[in-house]
1. What length, rounded to one decimal in nm, is gained on full extension from residue A:319 through to residue A:104, with 0.36 nm per residue of separation minus their alpha-carbon distance?
2. 222 nm [θ] for chain A, helices only, -39500 (n - 2.57) per DSSP H run of 4+, per residue, to 500?
3. Return the FRET efficiency for the residue pair residue B:206, residue B:29: r is the Cβ-Cβ distance, R0 is 41 Å, and the value is rounded to the nearest 0.05.
4. Say each of residue B:159 and residue A:95 gets a label point 7 Å from the Cα, pointing the same way as Cα to Cβ; how far apart are those two points in nm?
5. Exposure proxy check: B:54, A:318 ranked by fewest other beta carbons within 10 Å?
6. How much of the DSSP bridge set in segment B:119-266 is antiparallel, in percent, rounded to the nearest 5?
7. Rank these for me by crowding, B:279, A:196, going from fewest to most other beta carbons within 10 Å.
8. Add -39500 (n - 2.57) for each DSSP H run of 4 or more in chain B, then divide by its residues: what number comes out at 222 nm, to the nearest 500 deg cm²/dmol?
């Protein structure tokens, strides 16, 4: 199911605008965000905290917090509009179409249910996941229970949990952080979603465990053709896993390109600065360049291009006109006046 | 002078007793720091790196007398910390300052930056009176690249990067000789991290400071340090000059840590997960070499005998029965991008 579409767009976000209600007024938090993810592809969404990357992701399964509202744009999942759907329809999207993996597995997992019971619950909610897998369209209740349990073990095996027959009977607190995150990934895959959204899923893990999870994700992309929206602040993770990259700054996508073009020839001054601010383990020590200043507060953003007060190549119009995204190469878009983004 | 170390640590041990129940007195011990030796030469940056639970922060707490060691010796500028009392403690606190990870926790939410900066200057007797202290506070705030106007503000009125700069300004205002940096940038974004690290490097150069940098972030340690020690479950498993450690590590754990880091270059080889499983609990330590259950190269001897930290090349120490095994072995098939 996932990845069956090949080159068809699984997710298409167009000109998404979101406002947050803070202190009695509405503040623009996302400005014309556009993203496309094709089947089997991994899109890395990068930016610093407050850039709007998590907010963008939350809009997809309709999980915006109560103080946020969508004021424009469209989100199409497998060709169908998600915005404006009823809560019941959104629940359908959440259970089957989009799987969200959050940073902290302990808050996601139910502490009083065994791992197996939590995965089996998915099959209770979506019995068609089991019916479709074997002969005999309708299973008895008992046979279904049995099948659900066996499937749970298989999904734990898929995420390379050692000794899954034992782990499936354990409670989340008996597992380490890395194991818990694997369980959450297994739960995401069990739903056979069209799209998996992973929001900073290795941030709370140690580097050696993070390496295990990253190589697991790389394998899953191949073995189950997972379509992945990978949200991270770590340029290293993006370089390792993503096919395409979108860089966000202060509520806008400032550049998007395939991963090699972005790392070889980033065009937006922020994207370039972000790459230069990342120290590398092998590289020389001198390429370590700091970006002056900090990301502006959403409540009081600068006019024009929001990066202009920090930009080393600022032009006159940057302070007044917000640059539009323009295509500068195959699949490479940049929102910067240096590349002619004059409109909007 | 340059040869004498600012800080000497020998046989340092810190065990925390563990009581699971009120009446159960012998539930066990957390062996947080379990025999650590190192020296920090003057004017250098010594990096202490390891994953969570390896004991690096406990080392920092022991070094500044926030905890008392179970055993071992810590000497600052040749003077043993165990015996000092009263005035000598104050003198020591002027000499050694700490910058902790979380600037929220290091600043009183109801104290203005002005009083946060003045307080240590008066308590430690660096400034004679409030006026002098204020002059010095302004000076140190400007030194870290902030505007003196900021002194009137409360912590919540500052950004994360500004708060961390204030904490650095406060640590440096008493003119310490040694600064302990415990995860100084792990709470800030990458662009701010770059600013803070360049600032720390510049301040060190200008004021001839000595740093002890504690971090889980190998890249930060690589960028900042002259000498690096890798800790695992309470012990140093490898110690070498920074360039040597990152290019020619001898301990399989160091190799695993280094190859775990995702390189920000799509053409670079993928991360390799060379360490199996998770860090075990420091309450029930594995027998023999503590790393053996996770080590892909472990032999029977590793289960039985704990290898001591030995100097294998000038200035390069490692605690492994088969040093360099990870580099000699064929690389474990990296899992990652195909084409």
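1. Net length gain for the segment: 73.5 nm.
2. That calculation yields -9000 deg cm²/dmol at 222 nm.
3. Details: r = 44 Å, r/R0 = 1.07.
My answer for the efficiency is 0.40.
4. Distance between the two pseudo-spin positions: 4.5 nm.
5. Result, fewest neighbours first: A:318, B:54.
6. Once the DSSP bridges in segment B:119-266 are tallied, antiparallel ones form about 55 percent.
7. B:279, A:196
8. About -9000 deg cm²/dmol.
Since every read-out is calculated from the coordinates, none of them should be taken as a lab result. Quick caveat: nothing in here was measured; it's all calculated off a predicted structure. Don't worry about glycine lacking a Cβ; one is built from the backbone with ideal geometry, like all the others, and counts go over all protein chains shown.
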